[in-house]
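Notes for the one structure printed next.
The numbers here are math on the coordinates, done by the rules we state, and not lab data. These numbers come from a predicted model, not from an experiment. Positions of Cβ are generated from backbone atoms using ideal geometry, with glycine treated the same way; all protein chains shown enter the neighbour counts.
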């Protein structure tokens, strides 16, 4: 029991450490976007993939979504609903110039992690006697995650020349990064399930997810109020 938990916690520590320095668009990436106009397929493809792979908030939610899924078909369905949701608001939010507070939207993304982990351990059913449609919830939270992605681009000086093409390239990069991250998460789950298949293990991991979600939400709200 102790070994798989240590393994998963260590893996998430690595994810957090990488994302602390990589999440968002800054440094040379930001300068390139601010200083260049026109269509840059490879650059925006790379930025989208990098943002998803280093996006600990997106990865924690995705990990919670697939945690108890047992077939490739169900995994593909839920991941597609999430991808559809964040694609819509990413593109629509930037093109329509819809601005949302970056701290509030990131706090909601943190809440999505809490929701999914709480749902995974049957919290809504046990405490409130209700069942939430998980497919609808994943799609709706995907919309919020998309606005989170949009806020990162809106912090840049985006050129109107080639904007739609660049957005589509960025979104494609996000999807490719999501596939890469998904493969890693599936490998992580496969190894952990081989080490332990007890119900207590699943509960423990989802409690850790909830703690991570609370930390993200609290941090973003603290930034909002200060």
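General observations
- Site pair residue 140 and residue 68 shows an inter-label distance of 1.9 nm when each label is modelled 7 Å from Cα along Cα→Cβ.
- Calculated mean residue ellipticity, 222 nm, the chain: -27000 deg cm²/dmol, from DSSP H runs (n ≥ 4) at -39500 (n - 2.57) each, averaged per residue and rounded to 500.
- When 100, 94, 113 are arranged by Cβ crowding within 10 Å, least crowded first, meaning fewest neighbours, the order is 100, 94, 113.
- GNM result for the chain, Cα springs below 10 Å: residue of 99, 145, 86 fluctuating most strongly: 99
- Among 200, 107, 150: highest mean-square fluctuation, GNM of the chain, C-alpha pairs under 10 Å: 200
- GNM top mover of 187, 167, 209 - the chain, alpha-carbon springs below 10 Å: 187
- Segment 57-186: C-alpha gyration tensor shape, a/c 1.5 cut-off, then a/b vs b/c: prolate
- Cα-based shape type of segment 85-145, given that a ≥ b ≥ c are square roots of the gyration tensor eigenvalues and the cut on a/c is 1.5: prolate
- Anisotropy class of segment 29-112 from Cα gyration tensor, a/c 1.5 cut: prolate
- Put in line by how crowded their Cβ is, counting other Cβ atoms within 10 Å and starting with the fewest, 45, 59, 172, 149 read 172, 45, 59, 149.
- Modelled spin-label separation between residue 159 and residue 35, with each label point placed 7 Å from Cα along the Cα-to-Cβ direction: 1.3 nm.
- Span from the segment 197-213 Cα centroid across to the segment 114-143 one, whole angstrom: 15
- Footprinting exposure proxy for 97, 119, 57, 29 (fewest neighbouring C-beta atoms within 10 Å first): 97, 29, 119, 57
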